[in-house]
1. For the stretch 12-97, evaluate the Debye formula with one uniform point scatterer on each Cα (no solvent term) and list log10 I(q)/I(0) at q = 0.12, 0.22 Å⁻¹, rounded to two decimals.
2. Provide the per residue accessible area, probe 1.4 Å, for the stretch 21-97, rounded to a whole number of square angstrom.
3. List every residue whose amide H lies under 5 Å from the amide H of Ile57, counting only residues 5 or more places away in sequence or on a different chain, with H placed 1.01 Å from N in the peptide plane.
4. When only alpha-carbon atoms are used, what values of Rg and Dmax, in angstrom, describe the stretch 48-97?
Amino acid sequence: MAENRPYAPDDGVEASENEKAYWSQNIRLLWTLMTIWFVVSFGAGILFREFLDQFAIGGYPLGFWFAQQGAIYFFILLIIFYSVRMKQIERQYDLDD
């Protein structure tokens, strides 16, 4: 079991190259998804609101829709994507359950 546990940098145990590659890919995925989430929630709802308001969804300006509902829906989709992608990464590095 010890050879299949994820690498934790402060546990005093040297990590294998496989574990380091796993965590590197995991952190890269997290940063990518967090950046997308920030751009959608902050960008679409605040920064690009005036531009997006010229379009409408369900009778509401698109910038307003993103600020009120769209960012939440998008966040849920990102969570689903993260779950699916992490399962693939865990299988790739033989760390799945």
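The values are calculated or read from the model by the stated rules, or taken from the named source; none is laboratory data. These figures come from a predicted structure and were not determined experimentally. Quick note on the areas: whole protein, heavy atoms, side chains included, nothing else; ligands and nucleic acids left out. Shrake-Rupley method; radii C 1.70, N 1.55, O 1.52, S 1.80 Å.
1. Here log10 of I(q) over I(0) equals -0.50, -0.97.
2. Solvent-accessible surface per residue comes out at 71 Å².
3. Result for Ile57 returns Leu62.
4. 16.9, 49
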